[in-house]
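The values are calculated or read from the model by the stated rules, or taken from the named source; none is laboratory data. Because the structure is predicted, anything quoted here is derived from the model rather than measured. Reconstructed Cβ throughout: ideal geometry from the backbone, glycine too, with neighbour counts over all protein chains shown. Quick note on the areas: whole protein, heavy atoms, side chains included, nothing else; ligands and nucleic acids left out. Shrake-Rupley method; radii C 1.70, N 1.55, O 1.52, S 1.80 Å.
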Amino acid sequence: MPQENVAELGDISAIEALQKGKKEQEIRIQNDAMQSAQHSPMHIRATWGGTGSVEDASRAFGFSRAKGYELVRRGEFPCRVLRIGRSTRVVTASLLRVLESGEPEYNGAHAGCCTPS
């Protein structure tokens, strides 16, 4: 096989690799868009009940499940959390307020802030 044909075959596989990479990137972008839509306030309002999981709420805020549970443990999760026995649930109304306002509602953070002086 002449050298020119080898180079052409190499170029074809390089082009195929670029196309494959581009397709994978498009799939990642679509998956990210679907994830964003799944955790939008409108979708949460339509599909969640009174509470949701820490994992789903963490995704809505853009951080991992592990980070979400760490914040819950430290009492710093951005919205109200209920501990019911061994279960931990996020209050949907609080989550929506935080997502829409951008202001956190830490557990117990408002307990002493509103007392008249």
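Could I have the simple spin-label model distance between TYR69 and ILE15, label points 7 Å from Cα toward Cβ, reported in nm to one decimal?
Rounded to a tenth, the inter-label distance reads 5.0 nm.
Leaving ligands, DNA and RNA out of it, rank PHE77, PHE61 by accessible area with a 1.4 Å probe, largest first. Intermediate results must be reported in sequence, preceding the final value.
Details: PHE77 0, PHE61 55 Å².
Per-residue accessible area, sorted high to low, gives PHE61, PHE77.
How high is the FRET efficiency from LYS23 to ARG45, r the C-beta distance, R0 41 Å, rounded to 0.05? Please report the intermediate quantities before stating the final value.
On the way: r = 34 Å, r/R0 = 0.83.
For LYS23 and ARG45, the calculated efficiency is 0.75.
As a test of reading the structure, rank GLU76, GLU100, GLU105 by solvent-accessible area (1.4 Å probe, protein chains only), most first. Walk me through the numbers on the way to the answer.
Values: GLU76 80, GLU100 110, GLU105 30 Å².
Ranked list, largest accessible area first: GLU100, GLU76, GLU105.
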